[in-house]
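The structure under discussion appears below in the form of structure tokens.
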Amino acid sequence: MSGTTQDDYTDRYARRVRGMTTSEIRALFSVASRPEVVSLAGGSPYIAALPLDAVGEMLGKLASESGTTSLQYGIGQGTVELRERICEVMSLSGIHGASPDDVVVTVGGQQALDLIARLFLDPGDVVLAEGPTYVGALGVFQAAQAQVRHVAIDADGLIPAALSAAIEASGRRAKFLYLIPTYQNPAGVTLSDARRDEILDICERAGLLVVEDDPYGMLSFEGDAPLPLRARRRDGVFYVSTFSKTFAPGLRVGWILAPHAVREKLVMASEAAILCPSAFAQGAVTQYLTTMPWREQIKVYREIYRERRDALLGALHDLMPAGTSWTHPAGGLFVWTTLPDGLDSKAMMPRAIAARVAYVPGTGFYADGTGTANMRLNFSFAEPARLREGVRRLAGVMEQELAMRAVFGSTVAGSGGPHRRRGPAAADAPGPDLA
Ligand SMILES: Cc1ncc(COP(=O)(O)O)c(C=O)c1O
């Protein structure tokens with residue numbers, strides 16, 4: 001019946017659907033997009049920085065001059081032209097000599113993760129992932145009925161000793177390590193150069209595959225990013241990336257560079273899901289990379305985001321209450337904040353929305369309910385003055401919570417203060433525009 005929220009189909013859902021529940025946090029995110037709210041919650045690139053007229057002209061030509069192919073079905077692996085361009089893009093990041101034959105074009109990085117999960121995960125398998133990790137990857141692993149075991153990170157990224165311990169604890173059920181080594185979402189940290197080979201060695205010794213997710217590597221603010229893991233080792237490493245952050249997420253074009261033996265299975269899995277990636281979107285990216293100054297555009301994005309990161313970090317430094325700490329990203333889109341003792345980012349969210357500021361509570365980035373002491377702040381979308389205003393509002397909310405806590409104790413300020421909720425938290429996941 002239209003208009004009713006009652007779900008009469010609950011008995012009929014497949015088992016994997018059980019974890020897909022909605023939450024009050026999701027409802028709050030719909031409010032976060034209102035103009036009066038300063039949203040630090042999003043994950044959206046600043047598309048207004050693109051030369052939109054020129055892109056429009058390019059898209060028009062793509063239809064009028066080559067519509068018979070760009071509006072037609074294509075092949076499952078993606079066009080050769082785009083796969084060749086993708087190999088050129090990867091060589092800029094230090095991945096040289098990749099063959100277009102080993103590249104599979106996907107519907108964004110998100111489908112790349114989904115395909116890898118379809119190929120390798122049985123229900124009950126374990127995926128090791130940074131804690132915190134990308135919310136969209138948690139959704140994929142949950143849909144595959146896998147268990148995510150988080151591995152601790154610090155300012156230098158994944159901690160090798162913690163990885164070894166997690167491998168030991170997971171035994172043979174661990175299928176792969178999923179990680180975002182560079183300008184991580186949500187933590188903003190980067191796996192140090194020194195740790196990269198160590199992590200690869202640990203995985204190789206344990207026979208663990210590595211899924212390297214690298215949407216942000218080109219968005220550096222302070223010199224080049226360390227070499228990707230895939231540039232150091234081919235065997236056992238799946239490299240996933242996307243044009244969402246360097247060009248435009250609306251086109252939904254990403255890719256996997258896979259070990260050769262696996263490539264065909266990835267294509268079959270993709271064909272089963274989508275037949276083929278959009279020929280028009282692939283044509284658009286190919287044209288963009290062939291005829292437009294895309295390297296310059298990445299520099300434009302970098303400059304804008306560097307200025308905004310500085311504005312956000314400056315505002316946090318000037319305005320946040322004592323006891324708050326945060327990461328200092330050298331690239332990417334996000335800062336990860338740790339709240340003063342006893343504050344709960346999820347419980348505080350309705351009060352933040354009432355104060356017209358939004359963020360993503362840390363619980364969205366863990367599969368096990370941790371993260372109540374954290375929040376993710378985005379700096380790519382709002383302009384510097386608005387970022388500062390957002391932090392001013394947020395700091396005001398936190399000061400109030402701390403004052404209430406001082407007067408009434410922990411039960412008022414948070415959802416139980418020290419009683420951190422445990423259990424599946426994927427329902428806290430924000431919607432796609434907030435990824
Ligand atoms: C770490 C990470 N992986 C994958 C994606 C998915 O990107 P896409 O838009 O290409 O599907 C995102 C998007 O935010 C991301 O942050």
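Please treat every number below as a calculation from the coordinates, not as lab data. Computed from a predicted model, the values in this text were never measured in an experiment. Here the Cβ positions follow ideal geometry from the backbone for every residue, glycine too, while neighbour counts run over all protein chains shown.
Points to keep in mind about this one:
- Listed from fewest to most Cβ neighbours within 10 Å, the set Ile95, Ile75, Ile202 follows the order Ile75, Ile202, Ile95.
- Eigen-decomposition of the gyration tensor built on the alpha-carbon atoms of region 70-291 gives equivalent ellipsoid semi-axes of 27, 20, 15 angstrom, largest listed first.
- DSSP finds beta bridges in region 70-291, and of those with both partners inside it, around 35 percent are antiparallel.
- The modelled label-to-label distance between Val17 and Ala48, using points 7 Å beyond Cα along the C-beta direction, is 4.1 nm.
- Proximal aspartates and glutamates relative to Lys346, as straight alpha-carbon distance under 13 Å, when same-chain residues fewer than 8 apart are discounted: Glu24, Glu401, Asp428
- Straight-distance crosslink candidates among lysines, where the alpha carbon sits under 16 Å from Lys61 and sequence neighbours closer than 8 are dropped: none
- Note on Glu84 and Leu119: the model spin-label points, each 7 Å out from Cα along the C-beta direction, lie 2.4 nm apart.
- Max mean-square fluctuation residue, GNM over the chain, Cα-Cα springs under 10 Å, options Leu316, Leu40, Leu377: Leu316
- Taking every DSSP beta bridge that has both ends in the chain, the antiparallel portion is near 50%.
- Top of Ala311, Ala14, Ala225 by mean-square fluctuation, Gaussian network on the chain, Cα under 10 Å: Ala14
- Counted charge near Gly124, where neighbours are those whose Cβ lies closer than 11 Å (Asp, Glu -1; Lys, Arg +1): 0
- Put in order of Cβ neighbour count within 10 Å, fewest first, the listed residues His260, His150 become His260, His150.
- Label sites at Leu275 and Ala403, each approximated as a point 7 angstrom past Cα along Cα to Cβ, lie 6.1 nm apart.
- For Leu163, the shell of other residues with beta-carbons less than 10 Å away shows a net charge of -2, using +1 for Lys and Arg and -1 for Asp and Glu.
- Under 5 Å, built H, 5+ apart or other chain: amide partners of Thr106: Gly254, Trp255, Ile256
- Comparing Ala166, Ala358, Ala187 in a Gaussian network model of the chain, where Cα atoms under 10 Å apart are tied by springs, the biggest mean-square fluctuation is seen for Ala166.
- Values of log10 I(q)/I(0), in the order q = 0.07, 0.09, 0.14 Å⁻¹, for the chain under a Debye, Cα-only, solvent-free model: -0.34, -0.57, -1.39
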